[in-house]
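First the structure, in the form of structure tokens, and then the observations on it.
The values are calculated or read from the model by the stated rules, or taken from the named source; none is laboratory data. Owing to the predicted nature of the structure, the values given are computational and were not obtained by experimental measurement. Cβ atoms come from the backbone with ideal geometry, glycine included; neighbour counts cover every protein chain shown. Calculation scope for accessible area: heavy atoms of the full protein, side chains included, ligands and nucleic acids excluded. Shrake-Rupley method; radii C 1.70, N 1.55, O 1.52, S 1.80 Å.
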Amino acid sequence: MRDDATMDTTNDANAGPRPAPVDVIRVILADDHAVVRAGLKAVLGVAKDIRVVGEAANGRDAVAMAERLDADVVVMDLSMPEMDGTAATKALAAKGSRARVLVLTMHAEDEYLVPLLEAGAAGYLVKSAADRELVDAVRAVAHGDTYVQPSAARALARGLRRREEHADERGKFERLTERERDVLRLVAAGFSAPEIGEQLFISPKTVDTYKQRIGEKLGLTHRSDYVKFALKLGLLTE
């Protein structure tokens with residue numbers, strides 16, 4: 001980091017000149033609401049080691065500003081025009097930017113956390129906790145740590161476990177033949193063997209043979225098993 005402070009040459013009775021604090025953290029606030037940016041700036045303003053050097057109303061400007069102003073941290077909202085926070089975070093990561101992204105959002109749901117960290121975010125903070133935790137969060141990500149609230153950490157653990165489970169199931173699915181995959185999707189969608197046969201131009205008996213193979217490979221027995229498997233992998237929306 002840069003030394004953005006100047007030397008304080010004021011002497012006291014017992015000491016020589018004392019330098020002002022160094023390693024000032026340069027922050028950009030990215031949020032499309034000016035009043036939110038003003039509030040965040042006020043919260044960060046109490047910290048002598050943090051300086052807000054820029055404000056952006058959309059993700060595209062935030063990406064450009066991070067490089068131009070040599071920022072250490074971008075406090076990034078998710079919902080912004082032109083380029084949202086997730087896309088902006090990915091863009092910064094793709095550019096190899098030194099700026100670390102602290103996502104600040106209204107969303108506390110589990111499904112947001114893992115994708116954001118995979119996109120390159122260094123931290124995740126719910127807006128309702130910004131007045132209490134923003135300064136600590138900015139300091140943490142600026143110094144190379146990943147910042148998540150305790151509840152978010154638990155969500156992250158759950159999300160990663162689900163990803164691992166689904167990765168195993170996705171691997172099993174990929175090992176099926178193309179025709180077996182087709183049969184699996186159609187069974188899960190509720191079609192009978194004769195109906196599947198009509199769609200795939202095979203006999204119902206051949207459909208049953210494929211179902212037997214699928215059952216042996218994936219451990220699926222009942223149609224409900226097919227539905228659960230398909231839902232986990234998002235096969236019914238493909």
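Listed values, structure above:
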{"read-out": "Which listed pairs, of Lys205/Lys228; Lys90/Lys127; Lys95/Lys232; Lys90/Lys172; Lys48/Lys127; Lys172/Lys211, have C-alpha distances above 26 Å, in listed order", "value": "Lys95/Lys232; Lys90/Lys172"}
{"read-out": "Using a Förster distance of 45 Å, the FRET efficiency for Asp136-Thr209 (Cβ separation, nearest 0.05)", "value": "0.15"}
{"read-out": "Å² of accessible area per residue within the stretch 54-109, as computed with a 1.4 Å probe and no ligands counted", "value": "43 Å²"}
{"read-out": "His222 versus Thr177: modelled label distance in nm, points set 7 Å from Cα along the beta carbon direction", "value": "2.9 nm"}
{"read-out": "Additional length obtainable on full extension of the chain from Val126 to Arg68, 0.36 nm per residue less Cα span", "value": "18.1 nm"}
